[in-house]
Structure formats: structure tokens, C-alpha cells
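Have a look at the structure below, then the notes.
What follows is calculated from the coordinates using simple rules that are stated; it is not laboratory data. Predicted model only: the values in this text are computed from it and were never measured. All Cβ positions, even for glycine, are placed from backbone atoms using ideal geometry, and neighbour counts span all protein chains on display.
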Amino acid sequence: MRHSLSYSFNRAVARKLNETYWKYDLASNKPPDVVLKAAEQFLKARKKRTFEEDYEEHAGAIGRGGFAKTVLCTHKATGAKRACKIVRRWDERREPDHRDRRKLVLREIAMLTQLEAHPAIVHLLDAYETDEHFYLVLELCSGGELFEAITKQKHFSEREAALKMHSIVDFLAYSHSKGIVHRDMKPENILLTEKGESAALKIIDFGTSAFCLPGQKLYHKVGTPYYVAPEVLGTGGHDCMVDVWAAGVIMYILLCGYAPFGGNSDQTILAKVRKGQFSMAGHEWTSISSEAKQCLKRMLVVDPTKRITAAELMESPWFRHADRLSNQALGNQVMSRLREFSVMSDLKRLALVVLARTFNDNDVRRLKEVFWEMDKDKEGTVDIEELRSALQQVGIPPPTPKELHNLFKSSAFRDQDRMDFVEFVASMLDSAQVARHVDIMQKTFAHFDTDNDGFITQEELSSMAKEKGFEYGASAVSSMMLEVDLNSDGRIDFQEFQSLFSGQGPASKSSISSPSSSLKQFVTIRTSLPRQSTASVE
């Protein structure tokens with residue numbers, strides 16, 4: 001079926017309700033201490049710099065909420081356009097102990113970093129705080145909101161709806177596996193990375209999200225009336241199943257062009273939501289597949305204990321038969337780069353990890369597809385067996401178990417048996433290409449040089465390692481300094497830092513990588529990757 005979308009529900013009413021209907025309460029479930037600690041480190045690491053030093057804010061807001069606005073900004077070092085969510089720190093309407101929104105901001109940072117491996121999460125690039133505001137710098141999604149983009153298309157098919165919903169539900173399955181409930185899934189919070197039908201989906205706005213483990217319940221009424229689940233309106237609490245209900249509403253609208261529970265007032269809408277009665281009897285439903293209808297019937301169930309989970313949805317025929325990401329991007333370059341990365345010096349690998357975290361999603365989109373295809377259990381990491389299986393699947397003879405173990409031991413900083421997405425991106429970067437881009441090098445150097453004095457000290461190096469979750473002892477940090485401190489002044493200047501990548505300084509921590517083998521790896525990598533590959537910084 002192909003149809004033009006013409007929404008009969010009142011979008012102006014929806015936006016108004018979104019801004020004013022429910023308010024978030026700080027007493028919601030807390031994130032695990034280890035996750036909150038990582039978010040704290042992410043924010044504290046930038047205390048010596050300000051948003052104004054690193055970014056130029058553009059006039060006007062591209063989005064507004066109750067206590068925050070989103071603006072367009074430009075990264076001064078690279079010229080990259082990004083979005084910045086500026087949150088007012090204080091709320092005088094709250095009780096004195098809850099007036100500081102810092103805990104809410106830390107919660108949002110924790111969620112964004114916990115979910116960063118999924119292709120549909122918006123990428124958090126920087127965070128700053130002052131006495132008055134918080135600044136969360138995010139990748140810019142220039143394609144606009146999902147529904148607005150779809151309405152500009154002349155036609156929209158069930159197959160296209162399936163592909164969009166596949167991304168959304170796959171994200172929810174991953175998010176729920178991490179104990180995170182979005183709680184405000186709606187089209188306004190689903191953006192596209194760019195203009196055009198091939199754009200990727202991005203889920204945004206975790207301001208009302210919560211950590212909720214199996215068996216736990218949330219009790220604060222959060223959401224938007226068109227998409228809120230019936231259990232949120234009651235007193236028995238709710239959990240991750242509210243996201244499945246909201247996804248069902250979105251899917252319903254994508255397939256027919258109007259909401260299952262409509263109305264011109266919030267009272268009318270919510271009354272229909274409580275009953276949960278909807279119809280698929282109109283003429284626009286005649287050519288919709290029975291598999292799609294079956295999914296909706298299992299998603300829009302009033303009793304959350306009988307509602308299908310996001311993970312179960314991914315195994316249903318309608319979702320399984322949607323076009324999946326191809327693993328053909330996985331090739332010899334993956335093993336070549338892993339081998340090269342595994343013999344780099346600790347400092348060079350740490351620098352590449354820092355650099356990898358600065359990329360927006362368009363920069364590493366292809367790598368994210370490769371990583372997500374390898375990550376079979378969707379935990380946000382790739383283990384030895386997943387890599388071996390992925391290589392065999394595309395006809396590449398995997399290395400010996402010993403070589404694979406050694407690669408992981410050297411490449412995965414925090415867990416010798418698993419590699420996360422940032423570590424994977426870092427291992428795929430072409431350091432020779434990086435070295436030719438002075439602006440990229442300066443940006444990476446600036447992340448280490450937190451006091452902006454033009455030098456990296458041992459203290460700054462140790463602090464950066466801890467921020468990224470890498471535990472180095474004092475002697476290890478001292479050794480990292482010595483290997484690149486060419487003039488022995490106890491500091492690393494920009495030229496010394498650049499020598500790590502240009503080949504003028506120490507490049508490896510063993511003699512395994514000879515010049516001839518490195519050249520062979522480079523030729524293999526550059527000829528097997530398309531020129532537009534995001535693995536190279538071009």
C-alpha cells in the first residue's frame with residue numbers, strides 16, 4: 001500500500017500538551033551509582049573550559065521546553081555545526097533541596113552515554129556547566145522531525161513504515177535491556193540525521209526518562225496524551241512497556257495517517273486511551289498486511305502484562321522481514337585495522353579513543369552499522385566470538401583464537417574480552433589520515449589540554465584516562481609521557497602530540513608492526529574502503 005499522509009489530529013494541541021501537561025519529578029528511580037559516577041566525570045572533565053570558548057552560539061532557538069532551549073552552534077576548532085541544549089540550572093518553584101537541576105542533567109548524560117552504541121541514539125559530544133546553566137552539545141539532526149519529513153514525501157509505503165519502525169523498536173529493545181525507559185516516545189522526539197529518504201532515525205529528549213529494572217515501577221505521570229499508555233493514568237505504576245504502547249501509536253499513524261486515540265481536548269484523548277479501543281476497519285487499512293495489524297493488536301493492549309515486549313516485536317514476522325542492515329561493509333579492513341591498533345602505544349590509542357568520541361553520527365555511520373551487525377546480543381559490545389562469527393559470515397578466515405585474544409587484550413581498554421563502540425571506532429581510524437588534518441589534531445589535543453595553556457601535563461593525561469574509564473597507574477602514565485616528550489621538559493606540546501600520528505614519534509609498543517607490514521595494511525585498508533568511508537577522516 002502507498003498513501004499520502006494527511007494527519008487529522010491536532011498537532012498544535014499535541015505540542016501545547018507536550019509543553020504543559022505533566023511535569024517531571026526528581027524522585028524518579030535513580031541510575032546505578034557507577035553510571036552516575038561516569039556522568040559526573042564526563043561533566044567535571046570540562047570544568048576548566050566554557051561553552052563559549054569552544055563554541056559559537058547562533059542567534060535564535062531551534063527548540064524550546066519548559067526550562068530548556070536548543071540552539072544551533074558551531075565548533076570553533078572544526079567549524080562543525082551542532083545542536084546545544086541549554087538548561088536553566090535553578091527552579092525556584094521546587095523545594096530547596098530539589099531546586100538545582102544538576103541531578104536531572106546528570107541522569108540525562110548517563111542515559112545518553114549508556115546508549116551511545118545504538119545507531120538510533122543522538123550522540124552527546126560535549127557537556128558544560130556554569131552557576132546558571134548546563135550545556136549539552138549534541139550531534140545536529142538537520143532532517144527535521146519524522147512526521148514532518150514524511151509529509152514532504154509524495155508517497156509512503158508499508159515497507160517504508162516497517163523500516164522506520166524497525167529502527168525505533170530495535171532502539172527500545174536495546175534501551176530496555178539497559179534498564180532505561182524513555183517515557184515520552186512521540187514523533188517530535190524522533191529526528192532524521194539529514195534530508196532525504198535514506199536518512200537515519202535518531203531518538204532524542206531523555207529529560208523525562210528513567211532507570212527502571214525488571215520488577216521495578218515508576219509512579220510519576222510523564223508523557224504526552226496522544227502517546228501515553230493507559231497504566232500511566234492509573235495508580236498502579238508503570239515500566240518499560242509504556243514505550244511499546246507509544247511505539248504502537250506511532251506505527252498506527254505511519255500506516256494510516258491518523259491517531260488511534262484522537263480528540264480535540266486532552267480529556268477526550270485520555271478517555272479513549274483508558275479504554276484502549278481502536279479500529280482498523282477503514283478503507284485505508286484494506287491493503288495493510290495482516291502481520292502489521294497483528295503487531296498493532298499486541299502493542300496497543302491496555303493490560304501491560306499482556307502487551308508484547310520490544311524484544312519480542314523484533315522477532316515478529318513484520319519486523320523480521322523488514323530490510324536489515326547489511327553486513328557486507330564488514331571486510332578485511334576490520335581485521336587489518338584491529339591488528340594495527342593493537343600494537344599502537346597506549347597514548348596513541350587513548351588519543352584515538354578521545355578523537356572517536358568527538359565524531360557526530362554521520363562521521364561514523366557506516367562503522368556503526370558494521371558494529372551493530374556484529375553485536376548479535378545487542379549489549380553494546382562485541383566479544384571475541386561475535387567477531388569470529390561475523391568474519392566467517394562474509395567469507396573471511398578468522399585469526400587463530402590466540403591472535404583474537406591478543407587483539408582484544410590490546411584493543412579493548414576496559415574489558416579484555418569485549419570491545420565497546422567507541423573503542424571499535426578508535427581502532428578503525430586511519431591515523432595517517434588523521435595526522436594530515438591539523439584541525440582534527442588540534443581538537444583532540446585541546447581535549448587533553450584542559451587548562452588551555454598549550455601543553456599536556458602528566459596530571460591532565462591521567463585525568464583524561466580516568467574520564468574515559470581507563471585505569472592507568474602513575475608509572476604507566478609516566479611512561480606514556482616519556483615516549484612522546486621528545487624535548488624532555490615534562491610536558492607534551494602540540495608538535496610532540498602530532499608526532500604520534502605522523503610517524504615521527506613512537507608508533508607502537510612492540511616490534512610486531514614493521515614498516516613493510518604497516519604499508520601493506522595501509523594499502524589493503526585504503527583500497528578496500530570506498531572513498532566516502534567514514535573510517536577515514538576526509
Q) Long-range amide H contacts for His123: which residues qualify at under 5 Å (H placed 1.01 Å from N, peptide plane, sequence gap of 5 or more or a different chain)? A) Glu139, Asp361
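Too long at a 20 Å Cα-Cα cut-off: which of Lys85/Lys378; Lys37/Lys466; Lys178/Lys376? Can you show the working numbers first?
Values: Lys85/Lys378 28 Å; Lys37/Lys466 11 Å; Lys178/Lys376 15 Å.
In this structure, Lys85/Lys378 lie more than 20 Å apart at Cα.
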Q | Vicinal HN-Hα couplings computed from phi for segment 49-58 (Karplus, 6.51 cos²θ - 1.76 cosθ + 1.60; Hz; Gly/Pro x) | A | 10, 10, 4, 5, 5, 9, 9, 9, 7, 8
(Q) Quick one: 3J(HN,Hα) in Hz for segment 232-240, Karplus 6.51/-1.76/1.60 with θ = phi - 60°, rounded, Gly and Pro as x. (A) 5, 7, x, 10, x, x, 8, 9, 5
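Starting from the Cα-Cα distance between Lys293 and Leu233, subtract it from 0.36 nm times their residue separation and give me the gain in nm to one decimal. Kindly include the intermediate steps, with their values, before the conclusion.
On the way: separation 60, 0.36 × 60 = 21.60 nm, distance 2.54 nm.
Going from the current span to full extension adds 19.1 nm.
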Q | Net charge contributed by nearby residues that have their C-beta within less than 14 Å of Asp453 (K/R +1, D/E -1) | A | -4
Q: Convert each backbone phi in segment 255-260 into a coupling constant with the Karplus relation 6.51 cos²θ - 1.76 cosθ + 1.60 (shift: θ = phi - 60°), then list the ³J(HN,Hα) values in order as whole Hz, x for Gly and Pro.
A: 7, 10, x, 9, 7, x
Q: Can you pull the one-decimal nm distance between simple spin-label points at Ser479 and Lys376, each 7 Å off the Cα toward Cβ?
A: 3.6 nm
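Let me check against my output: what whole-number percent is the relative contact order of segment 54-200, with C-alpha pairs under 8 Å and at least 6 apart?
Working: 200 pairs, mean separation 27.6, N = 147.
That works out to 19 percent.
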